[in-house]
Amino acid sequence: MVLIGNLFPLMLLGFLFVQYSCMFQLIQSFSNFTDQSALIAFQSRISSSPNETLLATNWSTAPNSICNWIGVSCSRRRQRVTALDLSNMGLHGTISPHIGNLSFLVSLDLSNNSFFGFIPHEISCLPRLRILLLYFNQLEGSIPPTIHNCRKLRVVSFDTNRLIGVIPSSLSNLSTLEFLNLGHNSLTGPLPLVIFNISSLNIFSVTSNYILGALPNNLCSHCPNLRGLHFSYNKFGGQLHSQFNNCGELSILSLSSNTFDGSISKALIGNLPAKLEILYLGSNSFTGIIPSTICNLSRLQEFGIEHNHIQGSIPTDLWQLQKLTTLYLGANNFKGVVPQKVFNLSSLKLISFQANSLSGYLPSLDSGQSCPNLEILALAKNKLSGHIPSYLSNCSKLITVDFSINLFSGPIPKSLGNLKYLQQLFLNANQLIGLEATDQETNFISSLSNCRSFRYLDVGYNPLDIKIPDSIQNFSTSFQIFLANNCQIRGHIPMGMGFLKGLIWLDLRDNNLTGNIPFTFGGLERLQRLHLYNNRIEGLIPQEICQLRNLGELDLSINKISGVIPNCISNLSLLVQLNLSSNRLESSIPLNIWSLENLLFLDLSSNTLGEHLSSNMRKLDTLEYLNLSRNEISGEIPSIIGAFESLRYLDFSNNSFQGGIPQSFGNLKGLDLLDLSYNNLSGAIPKSLEVLPFLKYLNLSFNKLVGEIPSVGPFVNFTAESFSENSALCGNQIFGVPPCPTIPTYQQSKMKSILIKCILPVIATIITLIMLVYLLRRLQKSNIPTSLNALPALEHRMISYQELCQGTNNFCESNLLGVGGFGSVYKGILFDRTIVAIKVLSLQLSGAFKSFDAECKVLRTIRHRNLIKVITTCTNPEFRALVLEYMSNGNLEKWLYSHNYCLDLLQRINILVDVASALDYLHHGQSESILHCDLKPTNILLDEFMIAHVSDFGIAKILVKNKDATHTKTLGTIGYIAPEYGFEGKVSIKTDVYSYGITLLEMITRKKPTDDMFVGDFTLRQLVNASIPDRMMEVVDEGLLRIEDGRDTIALQNILLSILDLGLRCSEELPDTRMDIKDVFVKLNKIKSTFF
């Protein structure tokens, strides 16, 4: 009994232990079930992704399997979920709030997926969470302010989402936070300075948001361990001086693309920590010179201060930075020469000095000097001259060389071919020649075949005067783009060019090429653009061209090509533009050409194509431009052309078409131009043409048409020129035709007889007597013959070259007003003391003469109060200039970005009205629509009364090729060009409307569309669109708001909202959805009327 009594406590203890173990397993099982339920709920929110099925299969409900699920990690002892890593799985869906039930979660990584919706506030219920990675998704809404409850958080990244709102100041309660990345969102408001109280913070990034305000002084006082500060692409402003005094550990400082200003002072640079390795200050408004204290940053590896207002010469102190690898100094006001020491720094990999005013020769190198690690050398858009030095071949790692738009002369050195890593070479727009003095026929092109990674060669606009060598066939298969337009290239296109299998763009236009198109071109299987126009190429179009299945643009116009258009042309199913005009093609147009279903532009004009158009031709839904003029086509016009519903331009003039004008033409609702002149068409003009709402130009002259001319619809705007020289047309007398006869009644006939026999003779006698008396009195008063009184006054003054030279002080630089696409504009004073603007064309640019003739034609035929008026022209074999009226208040850009004056709202509205009026006149006020193609603030000039005048028709196109949509060879200005213009070269009146919309947004926001804050897909338009209506005032020009401070706030907001809405509607991505400029003009005037 004693033994049993002693054993009882042990038995009781064993029993309790067994019970406890069972209870523990039960509790553990229950907790595991909670995690499992949370994960199943999480998985249920994932939809339409490739890995959805994988998760659904793998995340099964089998017991004890949760820790084996994909992406799930568990603790060993408790088997609770501690980490969930589903990164890079392409998942699409929302984040379930049940994620908050994973109470043991330490790490959550959902990065690089497509999660959308809000960040669930339930994440704040994860007290053990240390790592939260949600970057590269599409999450919306604001950052949950309760996230500070996850007090153990060390790493947080919400980078590259769609988050909005302010950064919650409660983040400062995360006392162990080391890494915080909120970049690439749409966060706004000032930066909560309490974040800098987190002493453990190492990396902080808000790159590419809308954060504003000044940076605090001594911002590292409470976070001395800060190593990386990424503030680029925001709206931070003010001056920099002592903000980084205590940042002793800082190694990365990125402040580019903000609105910081003031001088780059010695104090600022001198107070930066010695450990700094990366310093980006580009795209701000810094002034002054780079101080010598820069050399104190001995660890500096990357330095960028591009796109500022830095002056002086490039400082020699930079070359003391022995670890420097990257140097961006482009787009400043640096002058002087490129320093010799630039090539002394062996660590440099990238040098960008482009878009400055550097001049002189590139430095010569001492023996032994080289740049062994240099990969990118960008010196474009300067005034550098002399020869391209052969020592560049010593920079053996060069990948990209950009010397474009300078004054380099002499031969292109063949030693460039020694750069075995070279991929891109830009030498366009210089004065370079192709052959060295010792060369016979081989040239630099042959040497480039040694560059086995070579991809891109642009030597356009240089007087190369060479032949393309046969050795071009030895270029590597990586070679993709060859641009050599306007280069005086002569001789044949070598057969070997057809072996460049990787070529996607070949541009040899405007040269002196002869011979045939090589049949080997059929091997260019990746070619997308082939431009050979304006040469002297002969022979046939080779059948092998039809093998280029990826070809989108084929332009062989203005050559001497003969023979027939090959039937196999229909194989080019991706063809968008086909221009074979101004050649010697004959026979009939192949029926297969009408099966090119993607074709937008077809020009076969000015050939000797004959026979008739087949009635079996296929309907082309996409075709917008069709020009078959100046051929020998006969027969009737097929009625199926009336089913080409996208057609805007149709020119069949100067052929031998017979029969009637098809009634089906009334279905061409988008037609803007119709020219059927100089044919043998007969019958009546179809009444169906009266319903064409956009028809602006009609020419039916020189045919055999009869009957009544329609008088409604677009016909109210036509003149007699549209109908002249026809057989028996009648109708309204404004058309220069007799009235149409009517069948008289008996009563009408009787009255007409009385009128003719009695009344008309009496009236005629009275008028004759009055005229005789008047003439006798005139002859008594003057002996001057009356015929002299009818002499017209001279339309244009004759101004000599000498008068222009004297008026501009020999075109002195002090009189230079600006530089345009084809020349320079000077202020001048004529002999009669008239102040004028003189646009002088740069004749070394090919196309300048053509541009000049086009400008003369445009400017002399238009008169409008809001367009620059041409006074006269001055021409000789070496000089061409336009003399224009002078605008005393300069251009709009000067007023928008001046620090001395600011336009008020009414002035801005008036300017917008003026410009809209000018565009309306250009688009709709002429028999032939005119496109500007380069509308922007620098091309809007203001006279002494602040009336706006649209200027610079250097790239305006008279739409002789499609009045509403064409493909142009000229590019506008980046930021203002419409999407279809920049990517496809396609223009229309809606292209100008887009540029107008962007200009409008810029006028109200005072932000250029080319501002560095706009990167990737983020644009000025998107900025405004995201801000309307709630945050609209944040994007409006602060200077404008200061001027309008006394105005009623609600009224002001309504006006601004209406104007910005117009800008957004004008700048829609799709041309057809943009407003017509007529409607813009009307709405702006309504807005203006509410202003008072």
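Just so you know, all these numbers are worked out from the coordinates, no wet-lab data involved. The structure presented is a predicted model; accordingly, all values stated were derived computationally and were not measured. Cβ coordinates were reconstructed from backbone atoms using ideal geometry, including for glycine residues, and neighbour counts include every protein chain displayed.
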Q: Once every Cα of region 897-1092 carries one equal point scatterer and solvent is ignored, give the base-10 log of I(q)/I(0) from the Debye formula at q = 0.12, 0.16 Å⁻¹, two decimals.
A: -0.57, -1.02
Q) Between Lys687 and His924, what FRET efficiency comes out of the Förster formula 1/(1 + (r/R0)^6) with R0 = 25 Å and r the beta carbon distance, rounded to 0.05? A) 0.60
Q: For a quick protection proxy, order the peptides 596-603, 657-664 by their average other-Cβ count within 10 Å, most packed first.
A: 596-603, 657-664
Q. Quick one: helix 2-44 against the long Cα principal axis of the chain, what's the angle to the nearest 10°, folded into 0 to 90?
A. 0 degrees
Q) Taking the alpha carbon gyration tensor of region 117-245, what are the square roots of 5 times its eigenvalues, largest first, to the nearest whole Å? A) 23, 18, 11
Q.
Can you work out the Karplus-derived ³J(HN,Hα) for every residue in region 1081-1090? Use 6.51 cos²θ - 1.76 cosθ + 1.60 with θ = phi - 60°, whole Hz, and x for glycine or proline.
A. 4, 5, 5, 5, 5, 5, 4, 4, 5, 7
Q. Which net charge results for the neighbourhood of Gln423, defined as the other residues with beta-carbon distances under 15 angstrom from its beta-carbon, given Lys and Arg at +1 and Asp and Glu at -1?
A. +2
Q. What list of ³J(HN,Hα) values in whole Hz, one per residue of region 710-719 in order, does the Karplus curve 6.51 cos²θ - 1.76 cosθ + 1.60 (θ = phi - 60°) give from phi, with Gly and Pro shown as x?
A. x, 10, 10, x, x, 5, 5, 9, 8, 10
Q. In the structure shown, do any of Lys669/Lys696; Lys990/Lys1083; Lys619/Lys669; Lys335/Lys839; Lys936/Lys1086 have a Cα-Cα gap over 19 Å, and if so which?
A. Lys335/Lys839; Lys936/Lys1086
Q | Relative contact order, percent, region 414-543 [alpha-carbon distance under 8 Å, six or more residues apart] | A | 19 percent
(Q) Neighbour counts of other C-beta atoms within 10 Å: give me Arg1042, Arg490, Arg536 arranged from fewest to most. (A) Arg1042, Arg536, Arg490
Q.
What is the sum of charges, Lys and Arg at +1 and Asp and Glu at -1, for the other residues whose Cβ falls under 13 Å from the Cβ of Leu384?
A. +2
Q: State, as an integer percentage, the relative contact order of region 610-743 based on alpha-carbon contacts under 8 Å between residues 6 or more apart.
A: 17 percent
Q: Could you compute the FRET efficiency for His492 and Val716, with r as their C-beta to C-beta distance and R0 at 56 Å, rounded to 0.05?
A: 0.50
Q) How much net charge surrounds Thr477 when only the other residues with a Cβ under 15 Å from the Cβ of Thr477 are counted, with Lys and Arg +1 and Asp and Glu -1? A) +3
Q.
Please list, in order along region 895-908, the HN-Hα scalar couplings obtained from phi with the Karplus expression 6.51 cos²θ - 1.76 cosθ + 1.60 (θ = phi - 60°), rounded to whole Hz, x for Gly and Pro.
A. 6, 5, 10, 7, 8, 9, 8, 9, 6, 7, 5, 5, 4, 5
Q) Looking only at region 216-232, which residues have a backbone nitrogen under 14 Å from a spot 7 Å from the Cα of Ser199 in the C-beta direction? A) 221-226
Q. Using Cα atoms only, what is the angle between the long axis of helix 848-861 and the major principal axis of the chain, expressed in degrees (0 to 90) to the nearest 10?
A. 60 degrees
Q: Average the reciprocal distances over every distinct pair of alpha-carbons in the chain, invert the result, and give the Kirkwood radius in Å.
A: 35.2 Å
Q. Taking only C-alpha pairs under 8 Å that are 6+ residues apart, what is the relative contact order of the chain in percent?
A. 3 percent
Q. Hey, which aspartates and glutamates would be in cross-link range of Lys152, C-alpha to C-alpha under 12 Å, not counting anything within fewer than 8 residues on its own chain?
A. Glu178
(Q) Tell me the angle of helix 1049-1066 to the major Cα principal axis of the chain, expressed in degrees between 0 and 90 and rounded to the nearest ten. (A) 70 degrees
**Q.** Cα lying deepest toward the dipole's positive end in the chain, options Ser263, Ala378, Cys933, charges on Cβ
**A.** Ser263
Q: Between Ser614 and Gln431, with labels modelled 7 Å along Cα→Cβ, what's the label distance in nm to one decimal, could you check?
A: 5.6 nm
Q: Counting helices only, and only those DSSP H runs with n ≥ 4, report the 222 nm mean residue ellipticity of the chain as the sum of -39,500 (n - 2.57) divided by its residues, in deg cm²/dmol to the nearest 500.
A: -6000 deg cm²/dmol
Q) Mind checking which aspartates and glutamates have their C-alpha under 12 Å from Lys420, skipping anything on the same chain fewer than 8 residues away? A) Glu375
